[in-house]
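The values are calculated or read from the model by the stated rules, or taken from the named source; none is laboratory data. Since the model is a prediction, treat every value here as computed from it, not as a measurement. All Cβ positions, even for glycine, are placed from backbone atoms using ideal geometry, and neighbour counts span all protein chains on display. For accessibility, only protein heavy atoms count, side chains too; no ligands or nucleic acids. Shrake-Rupley method; radii C 1.70, N 1.55, O 1.52, S 1.80 Å.
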Amino acid sequence: MNSPDPRWEVIRRHLDRQAAPAERADFEASLREDPAFRRCYIRYLNIEVALQASAQAEYRLPPVPPPPRTPAWRGALGKAAAALALLLGLAGWGFWPRPPAEPEIVAHLTALQDCRWVHSATQAAVGDPLYRGQTLELSAGRLEVTFASGAVATLLGPIIFTLDSPNSGFLTLGQMQTRADSPQAKGFTVRTRTARIVDVGTEFIAAAAADGLSRVDVVRGEVVVHTPGQRHAQHLSQGDALSVESGQAQVLVRIESGEGTAAFRFPTLPPPSASDAADVATGWARAKIAFGPQAESSGEVAKLCNGHAQGSADDPGESVYFESNQSGGFLLDLGRSLQVTSINTYSWHRNQGNQGDRVRATQKFTLYGFRGEAAPPEGSTPPGTGWELIGRVNTDEFFGRGPQRSQPEQQASSISATGGAVGRYRYLLWDVRPSRAFHGAVEDNTLYGEIDVFGY
Amino acid sequence: MSPSDRTQHEHFLRFFMELEPSLRVFVRSLLLSREEEREVMQEVSLVLWRKFDPAMEAASFCRWAFGVARLEVLAFRRDRARDRLSFAPELIDLLGQTVEDGADDLAAERRALDICLQKLPEGPRQLVQAAYAPGVKIDRLAQHLGRSPMAVYKTLHRIRLSLMDCTRRVLSLEETA
């Protein structure tokens, strides 16, 4: 089809939603019966989609110099453009549009290190301005963006990040660390698809995974996290980590380190409870090993539901854990289905022989719930029919920033929902993974002391 | 993100970013608006990531991704699309096949488009930038420009056709060079 071919107009009318129903039927018939027309339709859309990407790229790097404030739009520039158009055979547009509004500079690139851009043609240098709406797509490397407010964000590739304003941005994928300690930067906001993280004068790490999981770690100061459907925002302070799962129930994961005594005291999370729905004393709950080899010196699995955790930092008999290098599963039967509102998991370990060995306090598990009242079939493990992902905990990701020996020996994680309940479940399964190795390649397993479930 | 998650993530991004423009063309061919296309592509990328198998070869990933995109478009059209396009399933397959078969040519055309866009005079180039910027509605743009929406639609159409001619010329020059 050459440019004057009237069938291009048919394609345009279809895409611009101007085709009448009868035209649509003809259009579909042509697409079905005429491979050449079909190829033209796809070529036309290819240009359409590429222009879309290109318009984005114009606001990406390399930076576009802002248009003059008072362009001689129909003057010299217009004449020059018209002359160029004639030369290139691109004349005859009917009119020259007025320029769009001047792009607003909201930040500058202040450092780049080994950057590999998703769009290979991208060129960037320290000092380049960044505009409102500009998207930075980095497949590797690190770059530093200083917002007009003074907030400084370090982006780690791979990452996709869009600058929303002089004091905010949208993190689609990847991980970034921000520092917002100037008065103007107070309120610096990072949005993800599942959370809005507002800095109130501090430093935090935000991460967003492709499946919608968002995480925020507070390095110092205080951060407020808003999630959809949540009446009250979550206030996090130094050392807190919060994960937000995507899905109908917005699940929050909070991780805290304890003071390291048998009282299991944490900054905001409660100590182990003897009156929760997972406590054997209630007469309803029962725990069992669903899979995986329990370690020989581990206590019986019921220790997870006895109302208290370990009595000391190295107390294998009061802990439940699996063999090294092995995964395992704790299955909890609540005895009846409940609207589960929160699930707290406690661990404590510091090796008596080597005080620096605290890796076996690390909590690394995925929590699943089984739909309905009936028991999951024997040997059934997620992801399989009936199992629903509730949340993921990996305290290593948060506490792992420093040397292993500086990890907290006592940890608690709490999974809850922003909208009231994470779901109605009778059966819960902790799919537990080994923590990292302290020596060599042997990955030890965590010594869990207590599991508490609250609901109604 | 743990190191193994990060490796898997990078592996996925490599495959996905290579295929993404073709998938987008396919999805757009079945829907009538950029916004709908964006929404569906977001779902497609989520499903692909959630179910991504790192052992997958590029060719299998491509076939699988087109299958996922087809299902996501059907689900979107069933549940949420404002315009009820009634493409028959066999036509959807034909369009998918056309995009897959022509993927190399389409990629070449997109590369040539970069050259053609540089040649585009400032006026049309600014119109393209403004019209394709995220969230821009042609009606509002037309109002801003003091033109009728139809005039803007038709001008953009002429720009696209001209760019297609230009890409053809660039590619044929490359072939003869």
Derived scalar couplings ³J(HN,Hα) [the range B:9-26; Karplus, 6.51 cos²θ - 1.76 cosθ + 1.60; whole Hz; x for Gly, Pro]: 4, 5, 4, 4, 4, 4, 4, 5, 5, 5, 8, 3, x, 5, 4, 5, 4, 4
Given H placed 1.01 Å from N in the peptide plane, which residues other than close sequence neighbours of A:Asp128 have an amide H under 5 Å from its amide H? A:Leu109
Convex hull volume of the range B:104-176 per residue (C-alpha atoms, cubic angstrom): 87
Determine the share of the range A:7-58's accessible area contributed by carbon and sulfur atoms, expressed in whole percent, with a 1.4 angstrom probe. 54
Provide A:Ser243, A:Ser30 ordered by accessible surface of protein heavy atoms (probe 1.4 Å), highest first. A:Ser30, A:Ser243
Relative contact order of chain B (C-alpha contacts under 8 Å, at least 6 apart) in percent is 21
Going Cα to Cα from A:Lys303, which aspartates and glutamates come in below 16 Å? Please leave out same-chain ones fewer than 8 positions away. A:Asp276, A:Asp279, A:Asp314, A:Asp315, A:Glu318, A:Asp333, A:Glu450, A:Asp452
So, relative contact order of the range B:104-176 in percent, Cα under 8 Å, 6 or more apart, is 42
Got a sec to turn the phi values of the range B:52-69 into Karplus ³J(HN,Hα) couplings, 6.51 cos²θ - 1.76 cosθ + 1.60 with θ = phi - 60°, whole Hz, x for Gly and Pro? 5, 10, x, 6, 5, 7, 4, 5, 5, 4, 4, 4, 5, 5, 5, x, 5, 4
Once phi for every residue in the range A:14-26 is put through the Karplus expression 6.51 cos²θ - 1.76 cosθ + 1.60 (θ = phi - 60°), the whole-Hz ³J(HN,Hα) values, with Gly and Pro written as x, are 5, 6, 8, 6, 10, 7, 6, x, 5, 5, 4, 5, 5
Find the relative contact order for the range B:3-101 and round it to a whole percent, using C-alpha pairs within less than 8 Å whose residues are 6+ positions apart. 38
Rounded, prolate or oblate (a/c below 1.5 giving rounded, otherwise prolate when a/b exceeds b/c) for the range B:2-132 by Cα gyration tensor: oblate
Run down the lysines and flag those whose C-alpha is under 19 Å from the C-alpha of B:Lys119, throwing out any fewer than 8 positions away in its chain. A:Lys79
Determine by what factor the alpha-carbon radius of gyration of the range A:251-455 differs from 2.2 N^0.38 Å, reporting the quotient. 0.94
Write out the GluC sites (Glu not before Pro) in the range B:30-60 meeting two conditions: DSSP loop, and at most 14 other Cβ atoms within 10 Å of their Cβ. B:Glu57
Sites excluded, trypsin sites (Lys or Arg not before Pro) in DSSP loops with at most 15 other C-beta within 10 Å, longest stretch of chain B: B:85-136
Under 25 Å from the Cα of B:Lys137 - lysines, other chains or at least 8 residues apart: B:Lys154
Hey, got the average number of other protein chain Cβ atoms within 10 angstrom for residues in B:24-33? 5
Out of the range A:284-358, which GluC sites (Glu not before Pro) are coil in DSSP terms and have no more than 10 other C-beta atoms within 10 Å? A:Glu296
Expressed as an acute angle from 0 to 90° and rounded to the nearest 10, what is the orientation of the C-alpha long axis of helix B:34-50 relative to the principal long axis of chain B? 20
